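Participant: Before we start, here is the structure in question, set down as structure tokens.
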Amino acid sequence: MHLNPTLRDVTARIVARSAITRNAYLDRMSAARAAGPARTHLSCSGQAHAYAGAGADQPTLAREAGGNLGIVTAYNDMLSAHRPFETYPELIRSAARAVGGTAQVAGGVPAMCDGVTQGAVGMELSLFSRDVIAMAAAVALSHDVFDAAVFLGVCDKIVPGLVIAAQAFGHLPAVFLPAGPMTSGLPNDEKAKVRQQFAEGKVDRAALMAAEMAAYHGPGTCTFYGTANSNQMLMEIMGLHLPGASFVNPGTELRAALTRAGAQRALEITALGQDYMPTCRILDERAFVNGIVGLMATGGSTNHLIHLIAMARVGGILLDWQDFSDLSAITPLVARVYPNGLADVNHFHAAGGLAYVIGELLGAGLLHPDTQTVAGPGLARYTREPKLIDGALVWQEGPGKSVNAQILRPAAAPFQSSGGLKKLSGSLGEAVIKVSAVAPEHHLVEAPVRVFDDQAAVKEAFKAGEFTGDTIVVVRFQGPRANGMPELHSLTPVLSILQGRGLKVALVTDGRMSGASGKVPAAIHVCPEALDGGPIARLRDGDLLRLDAVSGRLDILTPGVLDRAPVTADLTAHQTGLGRELFGCFRAHVGPATAGASVFFGGEDAD
């Protein structure tokens, strides 16, 4: 099978750039594998402590008769996407026993909902929670009594945090077990319309509440294609899910069968058997390139321009935004899922889903076909679909064509010829933009700026009727070092209203936008951030700015701006309250967005 030359070249430069760090990582993983699980070397007292809560599995553990799975769970029953995980541990233990193994809950990790904290103080802990999750999972696995791990997580920061931990324990096999999306409720575009009507004062809070409850109505992932569902796509295309596992609804027999099969597959690929497949062999440079291509082909979340960099770097792989931009340029957009279209992820799955997308991209030479996966060697396995036939789980050939051309199209006749995300650079610094949901007439915005230091001030200015002409709204001091890099998705209704009035409008920020953000052009993750004295800290109201998503430029047009001293902001209000005082060390040591905005790589650049 041929490979696209750009795909091949980008992969080769990542391999070359990462050679020293990747080899050092693989050496550490080889040493960890050679040492083996420590339970065989524990004292009798240590083993008794490890097995005391295992109930009927105690004798099996004591005899070391089979592999032992460590379950790392992000269960809580406030987060709808994670509600189904309540019953997974017993299901996994039962599946393990059926093949002579055991499973123990190694530990839990926090899981916050960005939907709950959107526009609120808690959002300032959201990005940092990813690294907390990674550290919590590391603590869970540090007992070193497991032959493999299964990770239960779905949502925004949870899966990236768990992948970081899986990389740190890369000598162990790891299977990610998803919960699946909630069934379709109120269509996402209708929900967005009610939100906009509420922002304009056309409907009351009761109408807004009714719409929100009809959209978010039960267990499972939110049905729009934001960060959570982008996570699921990545885990499948990168080989950490079983084929077809991502978008099967909770509470179904097929969902339960896939969970059991995932647990048993994790036991099959331990070092105890002949099919040993550690995470460090699955998550190589080719797997990350495949993940980036999948993100571009489906119009996935901008958050992954941060998360994928951090996820890769723990495994010694050095990605940068130029890699994303170059791969986006060759990747056709083959899916339209809200906010990039009207369909939700259930419609996407029914139209052919990931099996179709992977098949199309493989056929076009846009994916590495020879990657390792938890299901076995080769990505072609992921063009097959799981089915329950007479109670038995089997995989059959996936769809050869799209069932709905408004949702999925072939790579040869895509919705657009390039992917959904793009790097911007210029005199304002570096940034990224999601263009898959932005109409072409809004890809270029040249307008005076209005500068704000927080999103609440933007909303107040809107209510006061201050936006009367074309405007680029600049919201600064939202970077990782300033206040944890919150998402500014709650500004979407306001900016959409202005755009709907015929104004040219855009957002520029050193903060983030939700993976659900859509039609308003937004240059986000601006680096250097304002707190570091970047050019964004030198802007004043009225300065002229050009955002050009076509040429990939973000430029200050007003002369003399870079000669000004950067402004400072009083950020003391962001340093305490709702636990923020505990995260001062994170704000002090976090690295830039270009290096994954992680405390693990504080002060590092992307190169």
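Participant: How much of the pair distance distribution for segment 329-377 lies past 16 Å, counting alpha-carbon pairs only, in percent?
Facilitator: Tail of the P(r) past 16 Å holds 51 percent of the pairs.
Participant: Sticking with this one: Taking only pairs that are 8 or more places apart or on different chains, how many Lys pairs in the chain have Cα atoms under 16 angstrom apart?
Facilitator: 10
Participant: From the Cα gyration tensor of segment 525-570, with a ≥ b ≥ c the square roots of its eigenvalues, which class applies: rounded if a/c is under 1.5, or else prolate if a/b is larger than b/c, or else oblate?
Facilitator: Because a/c hits 1.5 or more and a/b fails to exceed b/c, segment 525-570 counts as oblate.
Participant: Counting alpha carbon pairs within less than 8 Å and at least 6 residues apart, what relative contact order, in whole percent, applies to the chain?
Facilitator: 14
Participant: Follow-up question, since we're still on this one. With angles folded into 0 to 90 degrees, how steeply does helix 353-363 sit against the dominant principal axis of the chain? Use alpha carbons for both and round to 10.
Facilitator: Taking Cα atoms only, the helix is inclined about 90 degrees.
Participant: Okay, next question. Assuming a ≥ b ≥ c are the square roots of the Cα gyration tensor eigenvalues, decide whether segment 265-335 counts as rounded (a/c under 1.5), prolate (otherwise, with a/b larger than b/c) or oblate.
Facilitator: Prolate, since a/c reaches 1.5 and a/b exceeds b/c.
Participant: Also, quick follow-up: Starting from 0 in steps of 5 Å, tell me what percent of the Cα-Cα pairs of segment 493-607 lands in each bin.
Facilitator: The calculated distribution, bin by bin, is 2, 9, 14, 19, 20, 17, 12, 5, 1.
Participant: Measuring from the lowest to the highest alpha carbon on each principal axis, how far does the chain reach, largest first, in angstroms?
Facilitator: Result, largest extent first: 74, 53, 50 Å.
Participant: While we're looking at this one, here's another question. Roll a 1.4 Å probe over the protein chains and send me the accessible area per residue for segment 297-338 in Å².
Facilitator: That works out to 12 Å² for each residue.
Participant: Report the dimensions of segment 378-530 along its three principal axes from the alpha-carbon atoms, largest first, rounded to Å.
Facilitator: For segment 378-530, the Cα extents along the three principal axes come out at 63, 35, 31 Å.
Participant: Quick one: angle between helix 188-199 and the longest Cα principal axis of the chain, in degrees between 0 and 90, rounded to 10, please.
Facilitator: 40
Participant: For segment 156-283, what is the Kirkwood hydrodynamic radius in Å, using each pair of distinct C-alpha atoms?
Facilitator: Averaging 1/r across every pair of different Cα atoms and inverting gives 16.7 Å.
Participant: Please determine, in degrees from 0 to 90 and to the nearest 10, the orientation of helix 158-168 with respect to the longest principal axis defined by the Cα atoms of the chain, where the helix direction is its Cα long axis.
Facilitator: Tilt relative to the chain: about 50 degrees.
Participant: With a 1.4 Å probe and every protein chain kept in, tell me what percent of the accessible surface of segment 478-595 is carbon plus sulfur.
Facilitator: 56
Participant: Accessible area per residue, 1.4 Å probe, Å², for segment 340-477: what's the number?
Facilitator: Result: 40 Å² per residue.
Participant: Compute the Cα gyration tensor for segment 93-193, then decide on rounded, prolate or oblate, letting a ≥ b ≥ c be the square roots of its eigenvalues: rounded whenever a/c is under 1.5, prolate when a/b is larger than b/c in the other cases, and oblate in all that remain.
Facilitator: Here segment 93-193 falls in the oblate category.
Participant: Please calculate how many Å² of accessible area segment 54-179 carries per residue, with a 1.4 Å probe and no DNA, RNA or ligand atoms counted.
Facilitator: That works out to 29 Å² per residue.
Participant: Restricting to Cα pairs below 8 Å that are 6+ residues apart, what does the relative contact order work out to for segment 225-341? Please round to a whole percent.
Facilitator: Here the relative contact order equals 30 percent.
Participant: Taking a probe of 1.4 angstrom, what is the accessible area of residue 470 in Å², to the nearest 10?
Facilitator: Only protein atoms counted, so the area is about 70 Å².
The values are calculated or read from the model by the stated rules, or taken from the named source; none is laboratory data. Given the structure is predicted, the values throughout are model-derived calculations rather than measurements. Surface accessibility is based on the protein's heavy atoms, side chains included, excluding ligands, DNA and RNA. Shrake-Rupley method; radii C 1.70, N 1.55, O 1.52, S 1.80 Å.
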